[in-house]
Amino acid sequence: MIVYALRCACGHEFDRWFDNMADYDAKKSAGLPCPSCGGTDVAKAIMAPRVGKAQPAPAPACTPACAPGGCGGGGCPVMSMM
Ligand SMILES: [Zn+2]
């Protein structure tokens, strides 16, 4: 699933979920009515699409001063690799 920010010709912005880009193309050619005014002159707004699956959590940040053997902190990624 992927969400696009869409904007109609009147400037209303809204989000719609699609299965993928092909699904967006199909729904757009079939007519994507703006929920505010019903206009179908809708285009993708400039926005990086958010993908609807869980993003991997960023690695916990270890302090820059962390020693090569690990800082001993519970969240230290160096320690968890040993
Ligand atoms: Zn509109």
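Values in this text are rule-based calculations from the coordinates and carry no lab data. This one's a predicted model, so the numbers in the text were calculated from it and none came from an experiment. Positions of Cβ are backbone-derived with ideal geometry, glycine not excepted, and every protein chain shown enters the neighbour counts.
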Practice problem: State, to one decimal in nm, how far the label point of Cys10 lies from the label point of Cys37, with both points 7 Å from Cα in the Cβ direction. | Solution: 0.5 nm
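For Asp41, what is the net charge nearby, where nearby means another residue's Cβ is under 12 Å from its Cβ and Lys, Arg count +1, Asp, Glu -1?
Cβ neighbours under 12 Å give a net charge of +2.
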Quiz prompt | Convex hull of Cα atoms in the stretch 2-51, direction-averaged projection (nm²) | solution = 3.0 nm²
